[in-house]
1. Being within 13 Å of E223 (Cβ to Cβ) and small (G, A, S) is the filter here; which residues of segment 180-206 pass it?
2. Answer yes or no: is there a residue in segment 241-251 that is modelled with pLDDT of 95 or more, outside the structural domain of R52 (by TED's automatic domain parsing) and within 16 Å of the ligand (Cβ to nearest atom).
3. Looking at E249, E243, can you tell me which residue is over 19 Å from the mean Cα position of the chain (by Cα), under 24 Å from K171 (Cα atoms) and touching a residue at least 24 places away in the same chain (Cβ under 8 Å)?
4. Give just the number: which of (1) in the same structural domain as L295 (by TED's automatic domain parsing); (2) touching a helix residue (DSSP H, G or I) at 6+ places or on another chain (Cβ under 6 Å) does I133 not satisfy?
5. Looking at segment 192-213, can you tell me whether even one residue there is away from the ligand (no atom under 14 Å from the Cβ) and more than 16 Å from P156 (Cα to Cα)?
6. If I filter segment 34-70 down to residues being of a type in the set (G, A, S) and surrounded by fewer than 21 Cβ atoms within 10 Å (Cβ to Cβ), which single residue comes out as farthest from the ligand (Cβ to nearest atom)?
7. Does S277 satisfy the condition of being under 30 Å from V180 (Cα atoms), surrounded by 15 or more Cβ atoms within 10 Å (Cβ to Cβ), of a type in the set (S, T, Y) and away from the ligand (no atom under 16 Å from the Cβ)?
Amino acid sequence: MTCESPTHASIAQRANERVAYFNGNIVPESEVAVSFRDRGFKYGEAVFDTARTVRHKPFKLREHVVRLMRSLRYLGIQPPLSVDEFMQQSEAVLARNLHLIGEDEDYWIFQRVSPGTADPCDSSSARKPTVIIECTPLPLAARAPQFRDGARVLIPATRRTPPDALSPRAKTHNYLNLLVADREVRLQDPGAWAILLDHNGNLAEGLGSNIFLVRDGELLTPEQRYVLPGISRDTVMELAQQESIPARETSLDLFDAFTADECFLTSTSLCLLPVSSVNGRAIGQGVPGPVSQRLIDAYSRLLDFDFVAQYLNKLA
Ligand code: PLP
């Protein structure tokens, strides 16, 4: 058998292919095949959560899995694994994918669960949830310029789904509201971040981020009822307390955004990304502002890792 044989070629390809947990087994990603009858595919009836690694180690994995459990409970999907089992399997998938990224890179770790193909109206149909745990490299290079220049935020006309229709506090596979809004913004400015208003006209959140404003030294963020309670949002609130920076949840409208001293986004992958403008109006006197910088420093100390440098090192 020569090295050119198909068998050798496919083995080599496997060595370069990430693996994922799929319904009890860890398999090459190309072997993860979800039925077209899966309710996650048919109706968006599924939940997910996303942790990240920091220097190849998961950060706040338990908090993410606990939030996944709450999302499952909201949709009435029976948890297929315990918190500890989700964590163990996430660690196992990560360990088998680490050789595929550089030392200076990190992964998102996604856990995804749908009720599977069972018809909920038919009690005889077997309930077998679909469970996937997978890793995706963080888009460090694509986002690096934003850490240099600050993020441009645009407010789309599409409003965030109101909590009396479907709670934004659950992280479900139904992202259509956020995707439609994000598309609206990216057609105007491909590099901009959408932050949707809620149905009252107050700032809510974006496709994958929470928003904070700083006014007169105080940190302000939209109320939890209208947004996903971001793990990084919680982290920033805790860091603010440690740093004796006053912080609270409140209703914030466009007046608050346009007149803010500072603004930033938080998310698992970004940690904290300063915002340079909202709808084209410059915020503050350059990024990062002093309060944002204090929180970036505190976040980096918590991680024992300079997350801003990780992004900036990827500048072309
Ligand atoms: N809001 C939405 C809708 C999200 O999807 C995310 C990302 O998961 C966030 C906010 C930020 O949450 P976290 O800090 O847990 O990543």
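The values are calculated or read from the model by the stated rules, or taken from the named source; none is laboratory data. All figures in this text were calculated on a predicted structure; none of them were measured in a lab. Every residue, glycine as well, gets a Cβ built from its backbone with ideal geometry; the counts of neighbours run over all protein chains shown.
1. Residue satisfying the conditions is A204 alone.
2. Taking segment 241-251 and keeping what is modelled with pLDDT of 95 or more, we get 241-251.
Subset that is outside the structural domain of R52 (by TED's automatic domain parsing): 241-251.
Subsequent filtering for residues that are within 16 Å of the ligand (Cβ to nearest atom) retains 247, 249.
Checked against the condition, which is being modelled with pLDDT of 95 or more, outside the structural domain of R52 (by TED's automatic domain parsing) and within 16 Å of the ligand (Cβ to nearest atom), segment 241-251 yields at least one hit.
3. Values: E243 fails: under 24 Å from K171 (Cα atoms).
From the options E249, E243, the qualifying one is E249.
4. So I133 meets the others, but not (1).
5. yes
6. Initial filter on segment 34-70 (of a type in the set (G, A, S)): 35, 40, 44, 46, 51.
Still in the list and also surrounded by fewer than 21 Cβ atoms within 10 Å (Cβ to Cβ): 35, 44.
Values: S35: 25, G44: 14 Å.
Out of the qualifying residues, it is S35.
7. Working: under 30 Å from V180 (Cα atoms): yes; surrounded by 15 or more Cβ atoms within 10 Å (Cβ to Cβ): yes; of a type in the set (S, T, Y): yes; away from the ligand (no atom under 16 Å from the Cβ): yes.
Considered against the rule, which asks whether it is under 30 Å from V180 (Cα atoms), surrounded by 15 or more Cβ atoms within 10 Å (Cβ to Cβ), of a type in the set (S, T, Y) and away from the ligand (no atom under 16 Å from the Cβ), S277 comes out as yes.
For (1) in a loop (DSSP other than H, G, I, E, B); (2) at pLDDT below 95; (3) closer than 30 Å to P28 by Cα, each residue gets a yes or a no:
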residue: R70; (1), (2), (3): no, no, yes
residue: Q89; (1), (2), (3): no, no, yes
residue: E105; (1), (2), (3): yes, no, yes
residue: D119; (1), (2), (3): yes, yes, yes
residue: T136; (1), (2), (3): no, no, yes
residue: R159; (1), (2), (3): yes, no, no
residue: P163; (1), (2), (3): yes, no, no
